[in-house]
Amino acid sequence: MTSRPVHPRSAYHPIQLLWPLMWLVLLVGVVLMIPHAQTLFQWLAPDARQVIYQRADFTQLLGRHLMVVGVAASITITLGVLAGVMVTRQWGRDFLPLVSQIASLGQTFPPVAVLALAVPALGFGTIPIIVALVLYGLLPIVRNTIAGLKDVDPGVVSAAYGMGMTPGQILRQVELPLAAPVILAGIRTSVTINIATAALGATVGASNLGDPIIAGIVNANNAYIVQGAMVIALLAVSIDSIFEVFQRRLRLHTP
Amino acid sequence: MIELCNVSKFFDQTPAVEELTLSIPKGKFCALVGTSGCGKSTTLRMINRLLTHSSGEIELDGQSIDAYDPVLLRRRIGYVIQNTGLFPHWNVARNIGLVPRLLKWPTAQVNQRVEELMGLLGLPVSEFAHKYPHQLSGGQAQRVGVARALAADPDILLMDEPFGALDPITREKLQEMLMQLQARLHKTIVFVTHDMDEALRLADMLVVMRDGRIVQQGTPLSLLQKPTDSFVDSLLGGLERGLKQASLTRVKDHMAPLGPHLPAQSRVMTEQTLRQALSMMLRDHCEWLTVVDQHDVPVGELSLRKLVKEAFQAQEKSRDV
C-alpha cells in the first residue's frame, strides 16, 4: 500500500514555555521595581510632587485585578460554553439566533454604560465590574463554541452514533475535544480583552490596576498612568502567552 | 438473520423507501445496489436505527429492532461508512477499541482485541497503533474503519459505500481483504454500493433498488443471466453482461479433461476466471487453452467452442425456468 508521507506533528518542546515565563518574570520584576524607580518616573512627570503611586501596593492591586478577571472569566466560560453547547443540540437549535443576538448585544454595549447602569442596582465595588466583564466577554466564547462545534465533521459524529455512543459521550469524547482549539481561542480573546477592560472597575470603586490610571488622569500625573498601564499590559501579554502554550498543546492532539 | 417486512421511510411526506421486503440469511453477504437516491443507504441506516422507519417491521434474529435500546443495538452491529468517520483526535488503537470500551471490557482484553484485529487487517501494531488518522492513506484508514466495526465481534456488519472514495487499485485490495475476512468470519453483511462490479465480486446476494423499491434480487449469476427489465440490464452492464458473468465463473468449472492433442501454448490456472481465459484466447489467437494447477501441472483444457455452447445451454435453461 502506498503511504502518504507522514507529516510529523510539530513536536512539543519545553522551549515554548520560555515566552510566558519571560513575560511573567518581566511582570513580577516591574511590579517589584516600580517603588524604586523614582528617578525614571520623575522624568515622566517632572512637575509632580509624588511620582510613585502610593495608595496601595502594586502586588495587592495586581492580585485584586487577577481576582476580578478570574471570577468574571469563570462565569463567562461556564455560561458561554453552556450556551454554545445548548444551541448546537438538536433540541436547542431554535435558540441559536436568540443566543447569538444576546451575546453580540453584550459586546456592542459599552462596558462603561453597563457600569453606569449596574452601579445604581448593585452598588459600588467589585460586583458591577464583574457583571460588565461577563457581558463584554461572552460573545467571543459563545461565538467560538458554536463555530467549533459546528465545524466538527458530521461524518465523525454520524459514525459515533453508529458505533453506539450516547449523545453525552459524543459531546464529551468527540465534539468538545475536536472543538477545543477553537473554543480556547475564544476564551483567550475574551480573557485578554477583559484584563484591559477590568481597569474600568477603578471608576466604580473596585480597587485594581485601574486605580493608578484613574488617579493619574484626575491628578494629571503621567507617571501614575504609565505605572498602571505597564502592569496591565504585561499581565495581558503574560496571560495571552500562557494561552498560546495551551493552544499549541491542544493542537498536538487534534489535526 | 435480518428481515425487513413492508418497510417504508418518508422524509416529510416524500417516500425514500417504500414497502420494502427483504430477508438476509445469517452469514450472507448482501449488496444493495442502485443509482444515487434510490434508498439503499436509507435502508441500511434503518437497520441500526440511525433512521427510524416510518412503517413496517425490521427484525434481527426474529426480534423487532424497536424492542432494543438504539444505543445498545448499535453496539451489536458493526458500521463502516465511506469517509471512515474515524475520530481524528484518537490514534488508531484507540479508534479500534471504541466499541469494546463502550461495552466496558477490561482494558487488557480491549488491548488484546485491538492487536488481534490489527493483525487481521494487515496493520502492523508497532507501525500503526500510535498513528493518527490524518497520517494514514485512504486504504489504511478504511482498514482501521473495518477493524473498528469488527472490534466487538458483531454478527452483523453494515457497510455504506465503504470503498467508494478509494482509488481503483486500493479498492480492489480492500475488496480482496474483505472477501478473505468474510470467508473466515461469516458475518451477515449488508453492503451498499453503486459500483456494480464491486457488488458482483463480493456479494452472495444482490438487491437492485430503484426509487425506494426493490426491482430484483437474487444471486449475482441469476441476475446476470436473467435481468428482470432494461434498468437492471443496463445497471449490470448491458452488452458487457456476458463478460461480467464470465468474470464470476472459475476456469475449473468449465474445463474438460486433457484431450489427445498436444498442450496449447497458452496456459490458464484453474482458479482464474473465464473472463481472464477469454481474454487470453483473444490475445494469443487461439481457440483453446491448457488448464494448469497451481504447480503448473496440466490438468485439463478449455475450449472456446465448448464455452459458447455451454453459455447458450445455460441461457436456454434459465429461460425454461
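The values are calculated or read from the model by the stated rules, or taken from the named source; none is laboratory data. Computed from a predicted model, the values in this text were never measured in an experiment. Neighbour counts are summed over all protein chains in view; Cβ atoms, including those assigned to glycine, are modelled from backbone coordinates with ideal geometry. Side chains are part of the model used for accessible areas, which takes the heavy atoms of the whole protein and leaves out ligands, DNA and RNA. Shrake-Rupley method; radii C 1.70, N 1.55, O 1.52, S 1.80 Å.
Go through (1) within 18 Å of A:Leu66 (Cβ to Cβ); (2) without any contact (Cβ under 8 Å) to a residue 40 or more places away in the chain and name the single condition A:Ile225 misses.
Of (1) within 18 Å of A:Leu66 (Cβ to Cβ); (2) without any contact (Cβ under 8 Å) to a residue 40 or more places away in the chain, only one is false for A:Ile225: (1).
Among the residues of the stretch A:100-143, write down those that are more than 16 Å from the chain's Cα centre (by Cα), open to solvent by less than 70 Å² (accessible area, probe 1.4 Å) and closer than 20 Å to A:Gly70 by Cα.
A:Val114, A:Leu115, A:Ala118, A:Gly125, A:Thr126, A:Pro128
Considering only residues that are closer than 21 Å to B:Leu166 by Cβ and hydrophobic (A, V, I, L, M, F, W, C), which ones fall in the stretch B:191-219?
Of everything in the stretch B:191-219, those that are closer than 21 Å to B:Leu166 by Cβ and hydrophobic (A, V, I, L, M, F, W, C) turn out to be B:Phe191, B:Val192, B:Met196, B:Ala199, B:Leu200, B:Leu202, B:Ala203.
With on the phi < 0 side of the Ramachandran plot, away from every other protein chain (no Cβ under 11 Å) and in contact (Cβ under 8 Å) with a residue 40 or more places away in the chain as the only criterion, which of B:Val92, B:Val80 stands out?
B:Val92
Read through the list (1) under 25 Å from B:Phe231 (Cα atoms); (2) open to solvent by 70 Å² or more (accessible area, probe 1.4 Å); (3) acidic (Asp, Glu), then give the number of the only condition that B:Glu18 fails.
Among (1) under 25 Å from B:Phe231 (Cα atoms); (2) open to solvent by 70 Å² or more (accessible area, probe 1.4 Å); (3) acidic (Asp, Glu), B:Glu18 violates only (2).
When the stretch B:118-127 is examined, which residues are found to be more than 10 Å from chain A (Cβ to nearest Cβ) and part of a helix (DSSP H, G or I)?
B:Met118, B:Gly119, B:Leu120, B:Val125, B:Ser126
Only one of B:Arg275, B:Arg267 is outside the structural domain of B:Leu202 (by TED's automatic domain parsing), in contact with a helix residue (DSSP H, G or I) (Cβ under 6 Å, 6 or more places away or on another chain) and either surrounded by 13 or more Cβ atoms within 10 Å (Cβ to Cβ) or not basic (Lys, Arg) (or both); which?
The unique qualifying residue is B:Arg275.
Can you find, within the stretch A:130-172, the residue that is nearest to B:Val146 (Cα to Cα) among those that are more than 9 Å from every other protein chain (Cβ to nearest Cβ) and outside any helix (DSSP H, G or I)?
It comes out as A:Val152.
Answer with yes or no whether B:Gly62 is open to solvent by 10 Å² or more (accessible area, probe 1.4 Å), over 24 Å from A:Val156 (Cα atoms) and in the same structural domain as B:Thr193 (by TED's automatic domain parsing).
For B:Gly62, the condition - open to solvent by 10 Å² or more (accessible area, probe 1.4 Å), over 24 Å from A:Val156 (Cα atoms) and in the same structural domain as B:Thr193 (by TED's automatic domain parsing) - is met.
Here are A:Met86, A:Met67: which of them is in a helix (DSSP H, G or I) and open to solvent by 80 Å² or more (accessible area, probe 1.4 Å)?
Going through A:Met86, A:Met67 in turn, just one is in a helix (DSSP H, G or I) and open to solvent by 80 Å² or more (accessible area, probe 1.4 Å): A:Met67.
Assess whether B:Ile169 counts as being without any contact (Cβ under 8 Å) to a residue 60 or more places away in the chain, crowded, with 17+ Cβ neighbours inside 10 Å and in the same structural domain as B:Leu44 (by TED's automatic domain parsing).
Considered against the rule, which asks whether it is without any contact (Cβ under 8 Å) to a residue 60 or more places away in the chain, crowded, with 17+ Cβ neighbours inside 10 Å and in the same structural domain as B:Leu44 (by TED's automatic domain parsing), B:Ile169 comes out as no.
When you look at B:Ala183, is it surrounded by fewer than 17 Cβ atoms within 10 Å (Cβ to Cβ), of a type in the set (A, V, I, L, M) and more than 10 Å from chain A (Cβ to nearest Cβ), yes or no?
Criteria met by B:Ala183.
Among the residues of the stretch B:128-155, count how many are more than 17 Å from B:Leu178 (Cα to Cα) and either at the interface with another protein chain (Cβ under 8 Å from one of its Cβ atoms) or surrounded by fewer than 17 Cβ atoms within 10 Å (Cβ to Cβ) (or both).
Residues flagged as more than 17 Å from B:Leu178 (Cα to Cα) and either at the interface with another protein chain (Cβ under 8 Å from one of its Cβ atoms) or surrounded by fewer than 17 Cβ atoms within 10 Å (Cβ to Cβ) (or both) within the stretch B:128-155 amount to 8.
Which residue is surrounded by the most Cβ atoms within 10 Å (Cβ to Cβ), if the candidates are limited to the stretch B:21-57 and must be among the hydroxyl-bearing types (Ser, Thr, Tyr) and assigned to a loop (DSSP other than H, G, I, E, B)?
Looking at the filtered set, the residue picked out is B:Ser54.
Considering each residue of the stretch A:203-224, count those that are part of a helix (DSSP H, G or I) and either hydroxyl-bearing (Ser, Thr, Tyr) or open to solvent by less than 20 Å² (accessible area, probe 1.4 Å) (or both), and give that number.
The number of residues fulfilling the criteria is 8.
Would you point out the residue of the stretch A:117-134, among those that are of a type in the set (Gly, Ala, Ser) and under 18 Å from A:Leu105 (Cα atoms), that is modelled with the lowest pLDDT?
A:Ala118
Pick from the stretch A:144-181 the residues that are of a type in the set (Gly, Ala, Ser) and over 28 Å from B:Thr42 (Cα atoms): which of them is surrounded by the fewest Cβ atoms within 10 Å (Cβ to Cβ)?
Top of the filtered list is A:Ala147.
Somewhere in the stretch A:242-252, is a residue basic (Lys, Arg) and free of Cβ contacts under 8 Å to residues at least 60 places away in the same chain?
Looking through the stretch A:242-252, none of the residues is basic (Lys, Arg) and free of Cβ contacts under 8 Å to residues at least 60 places away in the same chain.
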